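Okay, so here's the structure we're looking at.
The values are calculated or read from the model by the stated rules, or taken from the named source; none is laboratory data. All figures in this text were calculated on a predicted structure; none of them were measured in a lab. As a convention, Cβ positions derive from the backbone with ideal geometry for all residues, glycine included, and neighbour counts pool all protein chains shown. Note: areas computed on protein heavy atoms with side chains; ligands, DNA, RNA excluded. Shrake-Rupley method; radii C 1.70, N 1.55, O 1.52, S 1.80 Å.
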Amino acid sequence: MSELTKNVKPLDDFNWEEFENGSAANVSKEELDKAYNETLNKVSEHQVTEGTVISCDKKEVIVNIGYKSDGIIPASEFRYNPDLKVGDKVEVYVENQEDKKGQLILSHKKARLSKSWERVNAALDNQEVIQGYIKCRTKGGMIVDVFGIEAFLPGSQIDVHPIRDYDQFVNKTMEFKVVKINQEYRNVVVSHKALIEQELEAQKKEIIGKLEKGQILEGTVKNITSYGVFVDLGGVDGLIHITDLSWGRVDDPHKVVELDQKINVVILDFNDEKNRIALGLKQLTPHPWDALDAELKVGDRVNGKVVVIADYGAFVEIQPGVEGLIHVSEMSWSQHLRSAQDFLKVGDEVEAVILTLDREERKMSLGIKQLKEDPWEAIEVKYPVGSKHTAKVRNFTNFGVFVELEEGVDGLIHISDLSWTKKVKHPSEFTQAGADIDVMVLDIDKENRRLSLGHKQLEDNPWEQFEATYTVGSIHEGKIIEMLEKGAVVSLEKGVEGFATPKHLVKEDGTQAALGETLPFKVIEFNKDSKRIILSHSRTFEDAQREEKKAAKKAARTSKKEETVKIDNQPASTTLGDIDVLAQLKAQMEKGE
């Protein structure tokens, strides 16, 4: 006998007959089935019941509901509860008491859904803190599993700080508060920020109660905008305006601070409710003007960088926080109205001369034209009276042309000094802006920085020759080039122009001369000093007619005289008058003897 069986004794009352028959001899199969079924829970399909977790791993959770078999539920249905462990009570939904494999089919997700709507509404009414599982990202926020319902978590409700990386929250379980429910569409909105705000509220009240102007606090950069930086002071936000970030010019706050950076700030101001707090960063360092070289004075040359430019001038930073203004009038010796953008642009490195310096007001004016010699200092040497030059036309007025000989040296050509012969009504008829024109210096006004120039003086005065050519009474061919109310302008040879009044434009047939006609004209007036020639077409034929009439009258008078002489030579009878004449003649002869 083996060691395993030598001490084994058969039971005295063992019923071998029952063992062989498979059941008690005095108990029916029906009674056995009844007794078996009564030892198990009564489970109905499509109902929710409670079970106990008896096993769980990454793939599945096994739940005992007191049935003849245990149910297996995918672990994914418990993602919202990472703390699930053996022995936890969970609600399950019985989908099938027994599938083809004899397995009890349960669903935790459906059990949650069957009661989730009531639980979500209760959480909103009671301001209850609930747990949810963040499933994924969506437009504007995240999708959260709450009691099996997909709720929306807006990006602004994740934290009190702006969120830059949403992906870090995916697959995480967090606490939330239900903040809004749309009953019609069954939409649920949750917030995690609301929980944080509750915790910060007490802390915020404590901080606000202790705020004082000039107080220095540590904060965290929360947000950076184009106009400034928001700093979290521990539940209370303050704003550092862009002008209070640095003593120097700041075009982008990102160049000064970074997100989540810890910085010290000083409280500059706040309103009565203390919900708007103005902070400063630059105020923690000395003002750059206080560190400006004490030896710096007016007339010194400095180097700097153009940081801001406007039409009226450019601001140049000679060291961080110390700027000087170069007014546009100090950029060039020219007196023409121009914009500062014509000379400089932002970022230019420039050398300038200090014109004014006020350390108390922290103001400085600079100039760059002073680096060049003023052209008017020796104007008589470079542009003496009578010298000839080429200038550039700048603009016109009714009385003349403004020209520039070089930058800063301007002059005026009076309209009367443009041409000896042409009648110029407006300078734009003679030249155009931007064109070159030869000039002669006629006069220098150094005090007002203006030259009087002439163009016609480059040629001899042709009116000396015209006096001999266009004598009064001489006839010349001319063309009517302009009709005016008071008469017509007539172009003669050698570029000279004359003028004829309407009564002197009547032709021999009685009609009026028209524009463009070429006719003979008689000079009836010539004035060399005023450069005026008065013409008449009518006189060319009226004077001839007048001469003919005069000659006819003269001939008539001559003919009449000849007839009278003939009559006197004929014999005639002596009259009493003749006798008296003869008597007187005789008396004179006698007296003479």
**Complete:** Note: among R301, R276, just one is out of contact with any Leu (no Cβ under 6 Å at 6 or more places or on another chain), under 30 Å from I207 (Cα atoms), open to solvent by 60 Å² or more (accessible area, probe 1.4 Å) and among the basic types (K, R), namely R276
**Request:** Return the residue satisfying two criteria in turn: it lies in region 195-213 and is open to solvent by 80 Å² or more (accessible area, probe 1.4 Å) and part of a loop (DSSP other than H, G, I, E, B), and of such residues it is nearest to Q283 (Cα to Cα).
**Result:** K213
**Prompt:** Can D70 be described as over 29 Å from N182 (Cβ atoms), over 55 Å from the mean Cα position of the chain (by Cα), open to solvent by 60 Å² or more (accessible area, probe 1.4 Å) and acidic (D, E)?
**Reply:** no
**Prompt:** Filter region 219-253 for residues that are more than 18 Å from G280 (Cβ to Cβ) and open to solvent by 40 Å² or more (accessible area, probe 1.4 Å); which is modelled with the lowest pLDDT?
**Reply:** D251
**Asked** Restricted to region 499-511, and to residues that are part of a strand (DSSP E or B) and at pLDDT 90 or above, which residue is farthest from E542 (Cα to Cα)?
**Response** F499
**Evaluation of R112 against (1) in a helix (DSSP H, G or I); (2) in contact with an Asp or Glu (Cβ under 8 Å, 6 or more places away or on another chain); (3) surrounded by fewer than 18 Cβ atoms within 10 Å (Cβ to Cβ) (one fails), failing number** = (3)
**Request:** Filter region 46-91 down to residues that are out of contact with any helix residue (DSSP H, G or I) (no Cβ under 9 Å at 6 or more places or on another chain), free of Cβ contacts under 8 Å to residues at least 24 places away in the same chain and closer than 20 Å to G102 by Cα, then give me how many there are.
**Result:** 2
**Item:** The one condition in (1) surrounded by fewer than 19 Cβ atoms within 10 Å (Cβ to Cβ); (2) under 30 Å from F499 (Cβ atoms); (3) among the charged types (D, E, K, R) that D417 fails to fulfil
**Value:** (1)
**Request:** Taking only region 182-194 into account, find how many residues are more than 41 Å from the chain's Cα centre (by Cα) and either of a type in the set (K, R) or open to solvent by 30 Å² or more (accessible area, probe 1.4 Å) (or both).
**Result:** 8
**Fill in**
Of the candidates E517, E508, the one satisfying the condition of being of a type in the set (D, E) and under 21 Å from A544 (Cα atoms) is E508
**Asked** Between a first residue in region 453-474 that is over 30 Å from G400 (Cβ atoms) and a second residue that is loosely packed, with under 15 Cβ neighbours inside 10 Å and among the acidic types (D, E), which pairs have beta carbons less than 7 Å apart while being 6 or more apart in sequence or on different chains?
**Response** V472/E525
**Matching residues in region 519-556 - criterion: being of a type in the set (F, W, Y) and either under 60 Å from the mean Cα position of the chain (by Cα) or under 16 Å from E477 (Cβ atoms) (or both)** = F521, F541
**Request:** Give just the number: which of (1) farther than 30 Å from R119 by Cβ; (2) open to solvent by less than 90 Å² (accessible area, probe 1.4 Å); (3) of a type in the set (A, V, I, L, M) does I216 not satisfy?
**Result:** (2)
**Request:** Report, ordered by the first and then the second residue, all pairs with beta carbons closer than 6 Å, sequence separation of six or more or different chains, a first member in region 110-129 that is touching a residue at least 60 places away in the same chain (Cβ under 8 Å) and closer than 24 Å to I73 by Cβ, and a second member that is of a type in the set (D, E) and in a strand (DSSP E or B).
**Result:** A111/E91
**Complete:** Only unsatisfied item for I415, checking (1) in contact with a strand residue (DSSP E or B) (Cβ under 8 Å, 6 or more places away or on another chain); (2) farther than 30 Å from F521 by Cα; (3) not small (G, A, S), is (2)
**Message:** Cβ-Cβ under 8 Å, sequence separation 6+ or interchain: first residue in region 206-231 and farther than 21 Å from R249 by Cβ and among the polar types (S, T, N, Q), partner part of a strand (DSSP E or B) and open to solvent by 40 Å² or more (accessible area, probe 1.4 Å). Which pairs?
**Reply:** T220/K262; N223/F230
**Item:** Residue selected from region 134-160 under the condition modelled with pLDDT of 85 or more, within 44 Å of the chain's Cα centre (by Cα) and among the charged types (D, E, K, R), by the criterion most open to solvent (accessible area, probe 1.4 Å)
**Value:** K139
**Asked** Given the conditions (1) open to solvent by 50 Å² or more (accessible area, probe 1.4 Å); (2) not in a helix (DSSP H, G or I), and given that D410 satisfies all but one, which numbered condition is not satisfied?
**Response** (1)
**Message:** Out of everything in region 421-461 that is among the basic types (K, R) and outside any loop (DSSP other than H, G, I, E, B), what residue ends up being modelled with the lowest pLDDT?
**Reply:** K456
**Complete:** A careful count of residues in region 52-84 that are more than 26 Å from E150 (Cα to Cα), part of a strand (DSSP E or B) and not hydroxyl-bearing (S, T, Y) gives 2
**Request:** Give the residues of region 340-367 that are of a type outside the set (K, R), assigned to a loop (DSSP other than H, G, I, E, B) and open to solvent by 30 Å² or more (accessible area, probe 1.4 Å), sorted by residue number.
**Result:** F343, V346, G347, D348, E360, E361
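Table: residues versus (1) out of contact with any Ser or Thr (no Cβ under 9 Å at 6 or more places or on another chain); (2) among the acidic types (D, E); (3) open to solvent by 40 Å² or more (accessible area, probe 1.4 Å).
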| residue | (1), (2), (3) |
| --- | --- |
| L458 | yes, no, yes |
| A468 | yes, no, yes |
| T471 | yes, no, yes |
| K479 | no, no, yes |
| G498 | no, no, no |
| E508 | no, yes, yes |
| I524 | no, no, yes |
**Message:** Let me spell it out: the conditions are (1) out of contact with any Asp or Glu (no Cβ under 6 Å at 6 or more places or on another chain); (2) closer than 30 Å to L279 by Cβ; (3) of a type outside the set (A, V, I, L, M), and G219 meets all of them except one. Which number is the exception?
**Reply:** (1)
